[in-house]
Each structure stands twice: as C-alpha cells, then as structure tokens.
Amino acid sequence: MAPAERFDLIVIGSGPGGYVAAVRAAQLGMRVACIEKRARLGGVCLNVGCIPSKALLDSSEYYHLVREHFAEHGIRTGQVELDLATMMARKQRVVEELTDSVRQLLEGHKIRIVHGTARLAAPGRVTVPPNGSGDREADYQADNILLATGSMPVEVPGLAFDGRRIVTSTEALSFSSVPRRLGIVGGGSIGLELGSVWQRLGSRVTVIEMLPKIAAGLDGQVGRTLDRILRSQGLDIQVNTRVVSAEVRPRSVRVTTERDGQRQTTTFDRLLVSVGRRPNTTQLGIEKLGIRTEGDGGPVVVDEKYRTSVPSIYAIGDLIAGPMLAHKASAEAVAAVECMAGRTGEVNYDAIPSVIYTWPEVASVGLTEEEVRQREIPACIGTFPFSGTGRARCMGEREGFVKLISHARSDRILGVHIIGPRAADMIAECVLAMEFGASSEDIARSVHGHPTFAEALQEAALTAQKCSIYTS
C-alpha cells in the first residue's frame, strides 16, 4: 500500500456542512481533503433535497398561477399544457449548476476532492475502498476528521421502500408522470412541500399524519392556518390517522389506515413515506472507534466544540442533535472548524430559522406561543394580517399573518412566526433582530419600505410593543 496522504483536516461529506467546513478550514490555512461518496458534490441538499424540491415548487407554482390566477389579472393564455419532462430537465440543470459551483469553490481553495465511501480506520486515519477492480484502497491521515454525512429517510415497518410504488423524497422528486393519486405518510415539511408540488400538477394528494396536527413543531395558530389553507387548495389531510398496512401491486399501492378504531382502505399510484430522517452513519465505522451516539442509530454525541467521544473526530449537521436544516449544518461547520483552529466558534441555537416552502410559505424563529406559556414567561403577542398590507393586496395574496412574541417586561423579541407570501425572505430580519437582542420597539420604530410585505412585521411589532411598554 502506498504511503497515506496527510492533511490537517479530512471532511467526510460535501453537503452544506461539509463543503462549508472545508472552505473555512482552507481559509484558516489548513490543508484539507473532502471525501464524497456521490458523483456530484453538494450532498443530499443540493442533489436530492433542498434545491431540486424548491425548483419544482417554483415551477409548479408558475403552472398553478397560469391555470388559476392569470385571468383575474387580465392575462388570457388559452389552453395550458404541462411538459413534465422539461420541468424535470430544468430542475436537473439547476442542481448541476449549483453542484458544479461547489466543485469550483473547493478547487479554488485547493481542497483535495476524493470520491468514494469513507471509513474510519483509526482516530486520525480514513480509508476509501477501491472504485474499480484495478484500484487499491486509498489511505488518508489527518490531525482532525469532521463527520458531515447528513441524514437518510426513516423507514417505517411494513412500508419498505421499493423505489417504484413506496418511495422516499428522492424518487418523489423525479416521477416521470403525474400520479393520479399520491399518498403521503407524514405531515411534516417534506411531505407538505412535495404534496403541494404534485397537487398543483394535477395529482389527488392525501396526507396521512399520525399526530393530531400537521407540521407539529409550528406555532399552533400558524399550524392551524396552514392546515386550513392547504385543505382549501385541495390536499386531503387526515390527522390522528395511522397506516396499518400497505400492499404493493403491479401498478398501485393499497393502503389501509385506521382512525378512531375505524379502518379504511385506499388505493394510490404511489406512496411517499416521509416520517422523518435519521443520522447517516452507515459504513462510517463509528462503532469500531467507540464514538458515542444517543441510543442505537441516534445522533452522535458531541461537546460544545463539536468533538465526539474521540477528541480528534468532530461531527456536525444532521449527524448531531437539533433540527435537520442545511443552514444549521453550515453554521456548525464554521464553528467546529474555528474551534479546531483555537478560535471561539459557536452557534446561537435560539436564532435558527425554519421554513416550509408551501404556498403560502411558513417561516419561524424563536419560541412559539405554546412554548412561552409552558415556560410561564410573561409575554406580549402582536399579530397583523397580510390582508392589511397594500403590497399583498396588489398581488392578490391576502392569506396569512405575522405574529411577534416579546417579553412583557423587557420587550425583547422571543419569537416571530410568519405565514404568507415571501415569509422565507422576511424571516431574515427577525433572525437578525433576535441575534442582536432587539425589542419589538426596535422593529416598530425602524422605517419599513412601502408598499412591502415587511410592513406587516412592523405592524405586528407595534401591537406587541404597546403591551410591553405599558405593562408594569
């Protein structure tokens, strides 16, 4: 075997955590290698997650607007036809452009890119099996190793993925035809987003959720509003319902569900199972090194510097506890690498936004109203509907509202929850406000452009600010 190549840092995984970590390490003067098992860089997010799903969400929204809303704006289009193959090709071009950009970014920082499935051989050693019969196993050594291998779909007993009839989100992003009937097990962000895509394109979509509500982590008022709007758009949402069994047939899936002791059988063309994701530690060899996890297959345990129980091995992103979000992984990547370099790296987990890209969009940061009550925090709540803003009315987008929660005595912002147009972009102002410890008065007194959606945030802050200022 040839002598092992040596680096200051080996990053395993090239998703939003891995490639950001590799670049930051290179900026700090480290010699870095990034190992990726996929043919393209970017991980799940860029290849089969965040990016392709948003591309389809945008395309399907255009299709829906042409069919349902152009006429009210005085735009006549005649017969509208769906060219799904072209839509999918556009999605793939977006993916390829962004993954190529990641490659150029790493190469520009002189980061060694290795394709293959990495295995931890020792605390400072990684091996990559041969890709072909004539290749030899490659051996790499480093002072530090960063695990950034992301997550994989959770498989439900009795609903084994076959890639054709019972599918993961990966297959649901690449259907060659619109399913007549699409069943979705799980009412979280992935299920709701992909359900929206295929419903707009003509599928009859049924969302089956075992819990009493969809998107369980949302503020209650926001969640109820989202449920109502999605139902009005045509999604059949069945809560408090569990899947008893699924029978795969040549051209369909026969699903039996149960609610309140009553069973019902429905036939779908495809069944998307999206009940969550779990840390992807398969083939890494963490057990061999004694790296601790929270239970069997649970998150990797790390300390405040993102070190695992093996001090020279770090872990970030979906591998560790917390929300499985690309931007969380990127933030942890920078923090972990800066800790390796002897700097102070940290992430403010109280100010990490989350977004559901349905239409209307849902975006949140901080505490919900239910969490504030549970913790018995004295709070003021200000809400303002988008129907009260000129910009939303001009667009014909009257659904939704902004909800701002502040501390009743200090007026400090505790949380903001938005359901409405451009919520994904509006939440950035709220994150920045919370990061700097701003009050509702700070937002209320800041001049917001007119007419904009952001005026709804200012109005919600004005409402909350009255309560907090005049409460003794």
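The values are calculated or read from the model by the stated rules, or taken from the named source; none is laboratory data. No experiment lies behind these values; they were computed from the predicted model shown. Positions of Cβ are generated from backbone atoms using ideal geometry, with glycine treated the same way; all protein chains shown enter the neighbour counts. What goes into the accessible areas is simple: the full protein's heavy atoms, side chains included, and nothing from ligands, DNA or RNA. Shrake-Rupley method; radii C 1.70, N 1.55, O 1.52, S 1.80 Å.
Please pick out the residue among R125, R103, R67, R136 that is within 28 Å of D425 (Cα to Cα) and in contact (Cβ under 8 Å) with a residue 60 or more places away in the chain.
None of the other options fit; the residue is R103.
Within region 381-472, which helices (runs of 4 or more DSSP H) (wholly inside it) include 1 or more residues that are open to solvent by less than 40 Å² (accessible area, probe 1.4 Å) and in contact with a Cys (Cβ under 8 Å, 6 or more places away or on another chain)?
Output list reads 440-445, 455-470.
It is to be established whether one or more residues within region 257-280 are under 30 Å from G187 (Cα atoms), without any contact (Cβ under 8 Å) to a residue 40 or more places away in the chain and crowded, with 18+ Cβ neighbours inside 10 Å.
No, that holds for no residue.
For residues that are outside any loop (DSSP other than H, G, I, E, B) and surrounded by fewer than 21 Cβ atoms within 10 Å (Cβ to Cβ), tally how many sit in region 159-168.
Number of matching residues: 0.
State all residues of region 312-363 that are at pLDDT 95 or above, among the polar types (S, T, N, Q) and farther than 20 Å from G49 by Cα; if no residue qualifies, say none.
Listed by number, the residues that qualify are S312, N348.
Just for region 8-61: of the residues that are in contact with a strand residue (DSSP E or B) (Cβ under 9 Å, 6 or more places away or on another chain) and of a type in the set (V, I, T), which one is surrounded by the most Cβ atoms within 10 Å (Cβ to Cβ)?
Among them, the one singled out is V11.
List every residue pair whose Cβ atoms sit under 9 Å apart, with the two residues 6 or more apart in sequence or on different chains, where the first one lies in region 146-164 and is among the hydroxyl-bearing types (S, T, Y) and at pLDDT 95 or above and the second, anywhere, is surrounded by fewer than 18 Cβ atoms within 10 Å (Cβ to Cβ) and outside any loop (DSSP other than H, G, I, E, B).
S151/R278
Could you run through region 296-337 and say how many residues are buried (at least 21 other Cβ atoms within 10 Å of the Cβ), part of a loop (DSSP other than H, G, I, E, B) and among the β-branched types (V, I, T)?
So the answer is 4.
With within 19 Å of the chain's Cα centre (by Cα) and more than 16 Å from L98 (Cβ to Cβ) as the only criterion, which of G18, G13 stands out?
G13
Need at least 2 residues that are hydroxyl-bearing (S, T, Y) per element, so show me which helices (runs of 4 or more DSSP H) inside region 8-88 make the cut, counting only ones lying wholly within it.
Filter on region 8-88 gives 50-68.
If you go through region 180-208, how many residues are closer than 13 Å to T257 by Cβ, surrounded by 24 or more Cβ atoms within 10 Å (Cβ to Cβ) and of a type outside the set (G, A, S)?
Matching residues across region 180-208 total 4.
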